[in-house]
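Worksheet: the structure to be examined is printed underneath.
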């Protein structure tokens, strides 16, 4: 049973990572970033990114940095979870 739960968790982590990657790539293109696909990706990934955005805002991390560090923190956390599972 634990093998099934582990496999499901790893699949979910992989799916979230893929969605974050696609969202990051699409955000580079101004015409696409206003489209329906981008809105769906934001809807699916924003709840995962938001805790890091709130934390970084409270700590004052990345305010003058041109990249969204919450993406990096989320990806690193997902990779850490993958290793721990």
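Looking for something closer than 21 Å to residue 81 by Cα and over 13 Å from the mean Cα position of the chain (by Cα) - is there at least one such residue anywhere in the range 55-66?
yes
Could you give me the residue pairs with C-beta distances under 7 Å whose first residue belongs to the range 56-85 and is on the phi > 0 side of the Ramachandran plot and surrounded by 15 or more Cβ atoms within 10 Å (Cβ to Cβ), whose second residue is assigned to a helix (DSSP H, G or I) and modelled with pLDDT of 95 or more wherever it lies, and which are 6+ apart or on separate chains?
Listed pairs, sorted by first residue: none to list.
Criterion first (farther than 30 Å from residue 6 by Cα and over 10 Å from the mean Cα position of the chain (by Cα)) does residue 43 satisfy it?
no
The values are calculated or read from the model by the stated rules, or taken from the named source; none is laboratory data. Bear in mind the structure is a predicted one, so any value in this text is a computation, not a measurement. Cβ: placed from backbone, ideal geometry, glycine included. Neighbour counts: every protein chain shown.
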